[in-house]
1. Using mean Cβ contacts within 10 Å as the protection proxy, how do 216-222, 231-237, 287-293 order, highest first?
2. Rounded, prolate or oblate: pick one for the stretch 101-155, where a ≥ b ≥ c are the square roots of the eigenvalues of its C-alpha gyration tensor, a/c under 1.5 means rounded, and failing that, prolate if a/b is larger than b/c, else oblate.
3. Sorting ILE48, ILE181 on the 10 Å Cβ count, fewest up front, what's the list?
4. Where does each of VAL243, VAL180 land when they are ranked from fewest to most other beta-carbon atoms within 10 angstrom?
5. Just check the stretch 103-298 against the gyration tensor rule for me: Cα atoms, a ≥ b ≥ c as the square roots of the eigenvalues, rounded for a/c under 1.5, and otherwise prolate or oblate depending on whether a/b exceeds b/c.
6. What ranking, highest mean first, results for peptides 73-86, 124-137 when packing means the other Cβ atoms within 10 Å averaged over each residue?
7. Roughly speaking, what is the centre-to-centre gap between the stretch 35-76 and the stretch 194-231 when only Cα atoms are used, to the nearest Å?
8. Going by how many other beta carbons lie within 10 Å of each one, how would you line up CYS200, CYS278, fewest first?
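What follows draws every value from the coordinates through simple rules; no lab data is involved. Quantities reported herein were computed from a predicted structural model and do not represent experimental measurements. Note that we place each Cβ from the backbone using ideal geometry, even for glycine, and neighbour counts take in every protein chain shown.
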Amino acid sequence: MSALATPTDPASDGSAQLPAAVVKSRREALRRLPGKAKVGAAILGVFILIAIIGPAIAPYDPSATTPGQALPTAPSTHHLLGTTATGQDVLSQLLAGTRSTVVLGLLTGLIATGLAVVIGTSAGFLGGVPDEGLSLLANVFLVLPALPLLVVILGYLPHSGELPTAIVLSVLGWPWGARVIRAQTLSLRGRDFVAAARECGESTWRIIFFEILPNEIGLIAASFVGTVLYAILTSVALAFLGVADLSSWSYGTMLYWAQNGNAVQLSAWWWYAPPGICVALLGMSLVLLNFGLDELGNPRLRAGATRRIGRRTWRPSDPTPVLRGGDS
C-alpha cells in the first residue's frame with residue numbers, strides 16, 4: 001500500500017479540508033445574521049422567485065377580458081383570486097405585476113446605490129474641493145421636491161415602461177446613501193491601515209476599492225435595501241395616482257384599476273386586497289432585512305450585546321448579577 005496521504009487523510013496538506021473550512025465559515029456568517037434579517041431575506045426570496053417564474057405560471061392572460069361582464073366575480077375554482085369588473089384574472093395580474101414591481105425596485109437600488117458609493121467614497125476620501133463640490137451636488141438633490149418632480153417628468157413619459165421610472169427614482173434617491181457613505185469614508189481614511197497602504201505606494205483608487213469599500217459593505221448593503229424599499233413604495237404610489245406607465249401590470253396599476261372600478265364600493269375585496277397585502281409583505285421583508293443588517297454592523301443594537309455592570313460583564317440572558325463589594 002502506498003504511503004502517500006489520500007485526499008481524506010487527516011495528515012494531508014490540508015487542501016482537502018478547505019471546502020469544510022469554507023462551509024464552516026459560511027455557517028458561522030449565517031449564524032451571526034440576526035433572525036429578523038433571515039425572515040426578511042426568506043420573504044424577499046419568495047417574491048424574487050415569483051418574479052422569475054410568475055408570468056410563466058399565470059393561468060390566464062392578465063389583460064384578457066370577458067365580453068359582456070360588468071361586475072367583478074368572487075374567487076372560485078376557475079379564478080382562485082376572482083376577476084375584475086371586465087373579467088380579467090386577478091391572480092394572473094398579481095403574478096405578472098410581481099415581476100415589474102420587484103425588477104423596478106432592484107434596478108433602482110442598483111443604480112442609486114452605485115451612484116451613492118461612487119460619489120460618497122470619492123467625496124469622503126479625496127476631501128478638499130472635490131468633497132465640497134460633490135457635497136453641494138448632493139445637497140441640491142436633497143432639497144428637490146421628489147414627488148412633484150416625479151409627477152412632472154413621468155407625465156411626459158406615460159407609456160415608456162419601467163426604465164424611465166427607475167432612472168428618475170435613482171437620480172432622486174442617491175443623495176441619502178451618499179451622505180452616509182461619505183461620513184463613513186471620512187472616518188476610515190484616517191485609520192492606520194489606510195496610512196500603511198499609502199506608505200506602500202498604493203494608488204488612490206486601489207485604496208478606495210481594496211481598503212475602504214470592504215469596510216463599508218454592511219453600510220452599502222443597508223443603503224441598497226433602503227433604496228429598494230423607497231423605490232417600490234414610491235412606484236406603487238405613482239401608479240396608484242395614475243402617473244406611471246399603466247400599460248404594464250404592477251401592484252400599483254392593480255390598485256389604480258381597482259380604485260377606478262369602485263372595488264371598495266362593490267365589496268370586491270379580492271380585487272384590491274391581494275396587491276395591497278403583497279406590497280405590505282414586500283415592504284416588511286425589506287424593513288426586517290435592513291434592521292438585521294444594521295444590527296449586524298452595529299453590535300450595540302444586538303439583543304444579546306453585553307452590558308457592563310460594575311466590573312462584571314453581563315448578558316440579558318444571564319441571571320440577575322450580584323454586585324460585589326465596592327461595585328457601583
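1. Listed from highest to lowest mean packing, they are 231-237, 287-293, 216-222.
2. Details: a/c = 4.52, a/b = 1.54, b/c = 2.94.
It is oblate, given that a/c is not under 1.5 and a/b is not larger than b/c.
3. Details: ILE48 14, ILE181 26.
Going from sparsest to densest Cβ surroundings: ILE48, ILE181.
4. Working: VAL243 22, VAL180 18.
Arranged by neighbour count, lowest to highest, VAL243, VAL180 become VAL180, VAL243.
5. Details: a/c = 3.46, a/b = 2.14, b/c = 1.62.
Prolate, because a/c is 1.5 or more and a/b exceeds b/c.
6. On the way: 73-86: 16.6, 124-137: 14.8.
Highest to lowest by the protection proxy: 73-86, 124-137.
7. 38
8. On the way: CYS200 9, CYS278 19.
With the fewest neighbours first, CYS200, CYS278 line up as CYS200, CYS278.
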